[in-house]
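The structure appears right after this line, and notes come after that.
The values are calculated or read from the model by the stated rules, or taken from the named source; none is laboratory data. What you are looking at is a predicted structure, and each value in this text was computed from that prediction instead of being measured. Note that each Cβ is placed from the backbone with ideal geometry, even for glycine, and that neighbours are counted across all protein chains shown.
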């Protein structure tokens, strides 16, 4: 099988590419900056076919998926800039890719989304993710939507940042009162889930992928502090203040916090239990303690 992975140089995308190569598939790592694909892969990993294409350009989509047996959409946008909006990337472009895959006769399509995606949400990010999932299923009726909890692993934007800040700050600000429930999942487990869905599809339209433990945000911060031997004072901080801070941070080239991340922290980010997940795929998820250890070792 030949599989085209859009967003193949990103945090999740490059892990999907590696896992599919390990399973013996031919893989196209598709991105706007295809030259990054080789550098992003683990040392010694087999190189994929690197294809430069823009998911926002329908003509380049057709070229990138030609001859493929399956398509994975791992493209994501976290900060809107100019014409790059959540609606354009997560809804219109995702629908264009799914439509092109169906018209090309491609048999399998996996759409990466997030737990909590909801087309009715007032959040522009969360709403766009939900509408994108619906559009993909409309354009490619057999598509599988994989909704993941917050992903963790070396070089992530969530757990690695927490570890760095807990180590540095004597006073650590919590999102609200720190009661938001999370179910962090190791990025490698998500990549393995994608690989198994491509290899042996299960007849289900949607999966929810979460880690083995559900923790309140405050509990996660305390767990990290315990492992680091740190003793920060945990200080509740209103979401309104976080939103203002994130709005200012988004003007930076690499913001450490965005408003959509604040939106996600306003609500629990855990699997509903009504959809299949890692157990149905035969995957035993990595515990958060092991992921923390991996991140520490890489520092």
Note on residue 172: of the conditions (1) loosely packed, with under 15 Cβ neighbours inside 10 Å; (2) touching a strand residue (DSSP E or B) at 6+ places or on another chain (Cβ under 8 Å), unmet is (1)
Name the one entry in 157, 94, 64, 98 that is farther than 30 Å from residue 174 by Cα and either part of a strand (DSSP E or B) or in contact (Cβ under 8 Å) with a residue 60 or more places away in the chain (or both).
-> 64
Give the residue, chosen from 144, 150, 166, that is crowded, with 18+ Cβ neighbours inside 10 Å, farther than 24 Å from residue 295 by Cα, in contact with a helix residue (DSSP H, G or I) (Cβ under 8 Å, 6 or more places away or on another chain) and in contact (Cβ under 8 Å) with a residue 12 or more places away in the chain.
-> 144
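Here is a yes/no grid of residues against (1) closer than 29 Å to residue 270 by Cβ; (2) buried (at least 22 other Cβ atoms within 10 Å of the Cβ):
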position: 97; (1), (2): yes, yes
position: 105; (1), (2): no, no
position: 113; (1), (2): yes, yes
position: 118; (1), (2): yes, no
Residues of segment 1-32 classified as surrounded by 24 or more Cβ atoms within 10 Å (Cβ to Cβ) and in a strand (DSSP E or B), total | 9
Scanning segment 256-270 residue by residue, those at pLDDT below 90 and surrounded by fewer than 18 Cβ atoms within 10 Å (Cβ to Cβ) turn out to be 256
Taking segment 123-140 and keeping only residues that are surrounded by fewer than 17 Cβ atoms within 10 Å (Cβ to Cβ) and within 21 Å of the chain's Cα centre (by Cα), one is left with 124, 134
Of everything in segment 216-255 that's under 21 Å from the mean Cα position of the chain (by Cα) and part of a loop (DSSP other than H, G, I, E, B), which residue is surrounded by the most Cβ atoms within 10 Å (Cβ to Cβ)?
-> 255
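With the requirement that a residue be in a strand (DSSP E or B) and over 17 Å from residue 178 (Cα atoms), what does segment 205-215 give you?
206, 207, 208, 209
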Segment 278-290, residues that are within 15 Å of residue 182 (Cα to Cα) and assigned to a helix (DSSP H, G or I) | 288, 289
Any idea which of 178, 132 is outside any helix (DSSP H, G or I) and either closer than 30 Å to residue 213 by Cα or without any contact (Cβ under 8 Å) to a residue 12 or more places away in the chain (or both)?
-> 178
